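K.L.:
Structure incoming, see below.
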Amino acid sequence: EYFSEDPYLSSHMAKHHILGVQSQGVGTSLKHFAVNNQETRRMTVDAKVDERTLREIYLASFETAVKEAKPWSIMAAYNKVNGDYCCENPHLLGDILRKEWGYDGVVLSDWGAANDQVTGIPFGFDLRMPYCGTKYRDILVEAVKSGKLQEKDLDQSVRRILTMIKKGVERHRDGVQYDVKKHHELAVQAAMESAVLLKNERGVLPLEQQKKTAVIGAFANHIRYQGGGSSNINPTTLNQILNVLDGEYPETAYEYAKGYRLKQDLVDEAYEKEALKCAGRAEQILYCMGLPYGWESEGFDRKTLQLPENQIRLLGKLKETGKPIVVLLFTGAPVEMPWLENADAILAMYTAGQGAAEAAIRLVYGAGNPCGKLAETYPKRLGHTPCALNYPQKEEAVYEEGIYTGYRYYEKKEMDTLFDFGYGLSYTTWEYSNLSVEKPTFDAGKEETLTVTIQVKNTGTMAGKEIVELYIGKEKSEVSRAVKELKGFCKVYCEPGETKEIKFLLDKRS
């Protein structure tokens, strides 16, 4: 349910999502505040985290979004943080969110997360969700009558709720319509630009349309395009890989085989035999792999980073055919890849939404150029992750790794990864040059900024987009610090041979 292991990336993704939604008169709810990182005993677990880690990693993911995008509401999490439930946490809600950040919107609870509303309201909590009858209303009334809850605190909470209602009423528009087809194409574009090309040996991608393709894997006809639990929604349009091949690429010769069971990780020899025959009749293989819906969802934590064994076994058998193999990978998060050498190319589609099938096929056949970058590190194995020894925890989730999460951990440990944070290939090639740093000049009354300039050239033969990432580090420090931290990113489009100049502004917070 989260954007990234990096707080700078998370906060800026959230900020612009909020700004976009709220520009249309619709409120957003920023969640889950805060340090909400496991589903095991999520209603009661106590996240124990030191102040520096809290500020630099977990609150930093919210801070920019809160201050610069001003979401209409913020959802407080189920868990405790350092002993206090999030919905009644004096430090999170009172000291930081309300006083330091100046947030004046509504703080509501995750569904059923409000423990003691009377205690939470003075710290800035507002709305218990869902509505639980008159009982809890009466508790508030009695608390005011007894003096346990100050009426002015309740008034402040009520005022924030009424203000949000007023915003909704004032911005309501009747008869709003939209073009379903146009919006679907936007979903396809978003999916295309977020797909990450992880591997492309000998330039096997894009595939040649005139060559017969074996399309193998149940995901080709039951695509994994979204998460489970509360993130599950009904798309306006949903195509499958096979639908797109038939509709957009009717001249492409392909044959489909299911290959493996999707709902159970059991080997079906009949499916395998069919898939191998299909592969034998083709010149190239498009193999759809991934995590089934039941393997990652709300309500439980994954116990492994592996794909189902039946999918991995079939890939090994397909490798023996000697045909080039392109893997379309459908997962919500990183997976281990002991099977990496069995694939010539891997295009990570993630859960790309309702445009996933069109995006995947268009990229595979070169109608687009992959430009996504990884928002998290792919470790070689589960045991390499910073919290592998104690995640998930049942009573107290102790954040012993501190600030060293994600790439901050792997780089500090000098540990090899499968794929680094920020990694992603392209069908073209890129050259960076002429990096310059303009030192700041002090101007009274204005914040100092540092300007970083770099030129990016498309040195290949295909137009494309490149995401330029800016990291900073401190060579000598008296305190333990990450080797480097992301502090800027920019996507740039270039035709073959074209050069663009990009400027980054680093402020005091950077």
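K.L.:
Over the heavy atoms of E395, what accessible area does a 1.4 Å probe trace out, to the nearest 10 Å²?
P.N.:
Per-residue accessible area (E395): approximately 120 Å².
K.L.:
Contour minus end-to-end for T40 and N232, with contour as 0.36 nm per residue of separation and end-to-end as the Cα-Cα distance?
P.N.:
67.1 nm
K.L.:
Looking at the stretch 354-462, which trypsin sites (Lys or Arg not before Pro) are DSSP coil and have at most 15 other C-beta atoms within 10 Å of their C-beta?
P.N.:
R381, K394, K413, K446
K.L.:
Related question: Post the alpha-carbon centroid distance, the stretch 434-510 to the stretch 28-45, in whole angstrom.
P.N.:
33 Å
K.L.:
How much area per residue is accessible in the stretch 376-472 when the probe is 1.4 Å and only protein heavy atoms are counted (Å²)?
P.N.:
I get 58 Å² per residue for this part.
K.L.:
Report the gain in length on full extension from Y471 to E501: 0.36 nm times residue separation, minus Cα-Cα distance, nm rounded to one decimal.
P.N.:
9.1 nm
K.L.:
If each residue of separation counts as 0.36 nm, what is the full-extension length gain between H17 and E395 once their alpha-carbon separation is subtracted?
P.N.:
On the way: separation 378, 0.36 × 378 = 136.08 nm, distance 3.40 nm.
Between H17 and E395, full extension yields 132.7 nm more.
K.L.:
Suppose R0 equals 60 Å. What FRET efficiency, 1/(1 + (r/R0)^6) with r the Cβ-Cβ distance, do L162 and E320 give to the nearest 0.05?
P.N.:
Step by step, r from the Cβ atoms, then E = 0.35.
K.L.:
For the residue pair H183 and Q210, what label-to-label distance in nm results when each label sits 7 Å from Cα along the Cα-to-beta-carbon direction?
P.N.:
In this crude spin-label approximation the distance works out to 4.2 nm.
K.L.:
Still on this structure, please answer the following. Considering only DSSP beta bridges with both partners in the stretch 1-133, what is the antiparallel share in %, to the nearest 5?
P.N.:
Details: 2 of 12 bridges.
Rounded to the nearest five, the antiparallel share is 15 percent.
K.L.:
Assuming R0 = 60 Å, what is the FRET efficiency of N243 and V437, from their Cβ-Cβ distance, to the nearest 0.05?
P.N.:
0.75
K.L.:
What are the semi-axes of the equivalent ellipsoid for the stretch 1-48, taken as the square roots of 5 times the Cα gyration tensor eigenvalues, largest first, in whole Å?
P.N.:
25, 14, 7
K.L.:
For the chain, what proportion of DSSP beta bridges, expressed in % and rounded to the nearest 5, is antiparallel?
P.N.:
The antiparallel fraction comes to roughly 50 percent.
K.L.:
Taking a probe of 1.4 Å, how large is the accessible area per residue of the stretch 291-369, in Å²?
P.N.:
Result: 32 Å² of accessible area for each residue.
K.L.:
Could you work out how far apart the two model spin labels at E283 and D301 are, taking each label as a point 7 Å from the Cα in the direction of the beta carbon, and quote it in nm?
P.N.:
Result: 5.0 nm between the two label points.
K.L.:
Follow-up. In whole percent, how big is the carbon plus sulfur part of the accessible area of the stretch 200-348, probe 1.4 Å, protein atoms only?
P.N.:
That share works out to 46 percent.
K.L.:
Report relative contact order for the chain in percent, whole number only (criteria: Cα-Cα under 8 Å, sequence separation at least 6).
P.N.:
Relative CO of the chain lands at 14 percent.
K.L.:
Treating the stretch 213-313 as a set of equal point scatterers at the Cα positions, no solvent, please give the Debye-formula log₁₀ I(q)/I(0) at q = 0.13, 0.17, 0.18, 0.21 Å⁻¹.
P.N.:
Normalising to I(0) and taking log10 leaves -0.53, -0.85, -0.93, -1.12.
K.L.:
State, to one decimal in nm, how far the label point of L450 lies from the label point of Y493, with both points 7 Å from Cα in the Cβ direction.
P.N.:
According to this spin-label approximation, the distance is 3.2 nm.
K.L.:
For K145, which lysines qualify as cross-link partners when the Cα separation must be under 18 Å and same-chain residues fewer than eight apart are set aside?
P.N.:
Answer for K145, where 18 Å is the Cα cut-off: K135, listed by chain and number.
The values are calculated or read from the model by the stated rules, or taken from the named source; none is laboratory data. Bear in mind that the values here come from a model prediction, so they are computed numbers and not experimental data. Here the Cβ is made from the backbone with ideal geometry for all residues, glycine too, and neighbour counts use every protein chain on show. Areas reflect the complete protein model, heavy atoms only, side chains present, ligands, DNA and RNA absent. Shrake-Rupley method; radii C 1.70, N 1.55, O 1.52, S 1.80 Å.
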